[in-house]
Amino acid sequence: MPISLPTLQIDLRPGIIELGWGHPPLELLPVAAMRRATAEALTRYGAEALTYGHAAGPGRLIEWLCEYIARQEGVAPAPDELLITGGNSHTLDQILTLCTEPGDTVLVESPTYHLAVRILREHPVHLVGIPMDQDGLIVDALSETLAHLRRQGIRPRLLYTIPTHHNPTGVSLSLERRRALVELGAETGLLIVEDDVYRELSYDGPAPPSLWRLAPPGVVVRMGSFSKSLAPGLRLGWLTGGRNLVQRMAHGGLLDSGGGINHFTALVVAELCASGDFDEQVARVRTIYGVRRDALLAALREQLPPGCSWYSPGGGFFVWLTVPESVRCVDLLPLAERVGVSFLPGEHFFLDGGGEEQLRLSFSLYPPEELVSAATILGAVVRNCSRKR
Ligand SMILES: Cc1ncc(COP(=O)(O)O)c(C=O)c1O
C-alpha cells in the first residue's frame, strides 16, 4: 500500500473556520507568475541556476532589492549591506548563532511572535520581555530594564522586535518611539533585530519608516521576507544591516559550505521581481487582505458583547482581541471549535504568563463572508461563556 506522507505544514479542518493560522491562502499564491519566472531563469542562466550560488545571493536579486528598498524608504543599502536569506525564521536563527554566546540576555516584546520564541529558546540565552501598548514597544520600559540589568552587570546582546504590523497585536510602533528606540540602541550598543515580515501588507497607506531607515549604521539589522508578499514556500528573504555584520554572515561557515541560500529560488524570484509581477502581486494581495481586515473588524463591532476590545491593525494578518475578564481564552477555544471557529489563545505569545483574556484572530485565509460567520459564532460563544461565570 503506498504511504501517504504530508506535503504541507497545516491541514485545515473541514467545518472549522481556522483563524489561528497566519498563512497566505493557497488561492492567492502566484503560481502562473512563478511558472513564467522559472522558465525565464532557466533560459537566462541554464546550468548556472543549478550550481552553488554566490554566498551573499545572486547579484540580480541584490540589485533589485537595493532599488526596491530605495523606492520604499528613500534610501538604498549598499550592495554589501544586503544579504539574501532563507526568510526571517532562518535569519533570526543565524543572527543568534553569530551574535550571541551562552548565557547572554536577549530582549523581546511582550507579547511577541510565539514561533520566534521557539527559535530563541533553541539558543542558550535568557529571554526578558518588555511590555507594549497600542503604540508598540514601550521604549521607556526598555530603557528602565536596560538600567536595571546594567546594575546587575548584565548587558543584553540584542532586542528582537516587530515594529510594523506586529504579530500578534497588529500594532505599529509610533514614529516618536521608533526614533527613541534607535537612539537608545545607538547609546547603549544594543543590537536591534527588526522583523519586517509584514511591511508589504500595509492597508492604510505606506508603512512607517523602518528602524533600519532611521538608525545610524550598525544599530539595526532588518529582516525582510518574501513569505507574506509572494509565497512562504519559497523560503526566501533578505537582510539589511551594518556592513560588518552582513559580511560576517556572508563569510560564515554556513554559506561558505553551501553557497548562497536557495540560489535557484533566488534567481527565479529575481526574474519575477524584474518582470513587474512582484509589484502586481503585492498590490493584489494588499487589496484583498485589506477587504478581509475591514470585514472582520466590522463584524467584530457588530457581534461581540460589551467588555471586548481590540486594536485596529494597519496591516499584517492579525486582530488581537481582549475578552471580558471572566473569560479565559484557553477555556473558550474548545467551545468555539465545537461550533466551528478556531483561534490562538493569547498565552502562546507571552514568555511566562499573561494573555489569559486575549486571543489572536488571523483574517488572511478566508473571504469576508466566512469572517463575518466566524465573528458571529465567536460573539455567541463569548457571551455564553461570560454568562456562565
Ligand atoms: C513576525 C513573524 N516573523 C517571521 C515569520 C516567518 O517568516 P519567514 O516565513 O520569512 O520565516 C512570521 C510568520 O508568520 C511572522 O509572523
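Segment THR376..ALA283, full-extension length gain: 30.5 nm, with 0.36 nm per residue of separation and the alpha-carbon distance subtracted. Over all Cα atoms in the range 1-99, the spread is summed up by Rg and Dmax: 18.6, 58 Å.
Could you please state how large a percent of the accessible area of the range 245-302 is carbon and sulfur, counting protein chains only and using a 1.4 Å probe? Using a 1.4 Å probe with all protein chains present, the range 245-302 comes out at 50 percent carbon and sulfur.
Packing order of peptides 137-144, 252-259, 298-305, 78-85, highest average first: 78-85, 137-144, 298-305, 252-259 (average count of other Cβ atoms within 10 Å over each peptide's residues). For the chain, the solvent-accessible area with a 1.4 angstrom probe is 44 square angstrom per residue.
Per residue, how big is the convex hull of the chain when only Cα atoms are used? Give it in Å³.
161
For THR105, the residues whose modelled amide H falls within less than 5 Å of its own, excluding neighbours fewer than 5 places apart on the same chain, are HIS126, ARG157.
In a reduced charge model with +1 at each Lys and Arg Cβ and -1 at each Asp and Glu Cβ, the chain shows a dipole moment near 360 debye about its Cα centre.
Relative to the compact-globule estimate of 2.2 N^0.38 Å, the Cα radius of gyration of the range 124-188 comes out at 1.12. Over the residues of the chain, the helix contribution to mean residue ellipticity at 222 nm works out to -13500 deg cm²/dmol, using -39500 (n - 2.57) for each DSSP H run of at least 4. Charged neighbours of ASP135, selected by a Cβ distance under 9 Å, balance to -1 (K, R count +1; D, E count -1).
If a helix is a whole DSSP H run, which ones in the chain reach 15 Å or further along their own axis (Cα) and hold a mean Kyte-Doolittle hydropathy of at least -1.0?
31-45, 59-73, 88-99, 139-151, 175-188, 263-274, 277-303, 368-388
With distances taken between every two different alpha-carbon atoms, the range 149-261 has a Kirkwood hydrodynamic radius of 15.4 Å.
Entry note, the range 31-275: relative contact order of 29 percent, from Cα contacts under 8 Å with a spacing of 6+ residues.
Within the range 31-275, what percent of beta bridges assigned by DSSP are antiparallel, to the nearest 5?
35
Name all residues of the range 267-296 having a backbone nitrogen under 19 Å from the label point set 7 Å from the Cα of THR43 along its Cα→Cβ direction, giving them as ranges. Correct set: 267-278.
The values are calculated or read from the model by the stated rules, or taken from the named source; none is laboratory data. Values in this document were obtained by computation on a predicted structure and should not be read as measured data. Because the Cβ atoms are built from the backbone with ideal geometry, glycine has one as well, and the counts that use them run over all protein chains shown. For the accessible areas, the whole protein counts, side chains as well, though only heavy atoms, and no ligand, DNA or RNA atoms are used. Shrake-Rupley method; radii C 1.70, N 1.55, O 1.52, S 1.80 Å.
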